[in-house]
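Accompanying notes for the structure given below.
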Amino acid sequence: MFIDYYETLEISPNANSETIERIFRHFAMRYHPDNQNTGDEARFSEIVEAHNTLRDPVKRAQYDIQYKDHLNLRRELTEEAGNTKGIERDVVIQAKVLSLLYVKRRQDVNNPGIGDTELERLSDCPREHLEFHLWYLKAKGWIARIENGMFAITVDGIDRANSEHRRDTSTRLLDHTS
């Protein structure tokens, strides 16, 4: 897991070596385990680790590469979280998976399963993306793995699918008024 050493020392990534040393000394005195008022061994260890990395020019250069990668991942995450089309697409894929498993169960109640590869093909969703949807649907209790390792819709999943596809019951099949 990535640790933001700049955040740990509460400094800018552009901080010079003098600033790093000054801030380190300040925090080291505050959090040193021997300090009876504010000592914190875990926090002290984090500060020492950050300082040891950022004070060495070679280690800092290597760390800065990881730091920039981390910032890019955070930016991508923020952009995707702000894009509601991704969430809408996820809802469609989840509904499609539920519908596929619903129809399979209805067609053959004794053999209701669809395998991972077939679900991937039928849903037109790559395996690495489908894993999220399968995890979600399983966690909600709407699908489950059956004895043969395939996925099948559960009773709760059928209820969910039905609630999403309610029919307009006010429509008459035959209109005898004319």
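The values are calculated or read from the model by the stated rules, or taken from the named source; none is laboratory data. None of these values were measured; they are calculated from a predicted model. Quick reminder, even Gly has a Cβ in these numbers, built from the backbone with ideal geometry, and neighbours come from all protein chains shown. Accessible surface is based on the protein model in full, side chains and every heavy atom, while ligands, DNA and RNA are left aside. Shrake-Rupley method; radii C 1.70, N 1.55, O 1.52, S 1.80 Å.
Values for this structure:
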read-out	value
Distance (nanometres) between label positions extended 7 Å along Cα→Cβ at Ser99 and Glu7	4.1 nm
Simple spin-label estimate for Glu164 and Asp56 in nanometres, 7 Å along Cα-Cβ	5.2 nm
Net charge contributed by nearby residues that have their C-beta within less than 11 Å of Asp4 (K/R +1, D/E -1)	-2
Normalised alpha carbon radius of gyration of the range 33-116 [divisor 2.2 N^0.38 Å]	2.14
Between the range 45-68 and the range 88-104, the alpha-carbon center distance in angstrom	46 Å
Charge dipole magnitude, Cβ of K and R +1, D and E -1 - the range 38-178, Cα centre, debye nearest 20	380 debye
Of Gly39, Asn83, Phe27, farthest towards positive along the dipole that unit charges on Lys, Arg, Asp, Glu beta carbons give the range 12-141	Asn83
Highest to lowest packing among 97-104, 158-165, 25-32, scored as the average C-beta count within 10 Å	97-104, 25-32, 158-165
Charge dipole (the range 31-178, unit charges on Cβ, about Cα centre) - positive-most of Cys125, Val155, Gln62	Val155
Accessible surface, the chain, averaged per residue in Å² (probe 1.4 Å)	73 Å²
Surface share of carbon and sulfur [accessible, 1.4 angstrom probe, percent] for the chain	51 percent
Rounded to whole Å, sorted largest first: equivalent-ellipsoid semi-axes of the chain, Cα gyration tensor	57, 19, 17
Kirkwood hydrodynamic radius of the range 114-154, Cα pairs, Å	10.2 Å
The chain, helix-only ellipticity at 222 nm - DSSP H runs n ≥ 4, -39,500 (n - 2.57), divided by all residues, nearest 500	-21000 deg cm²/dmol
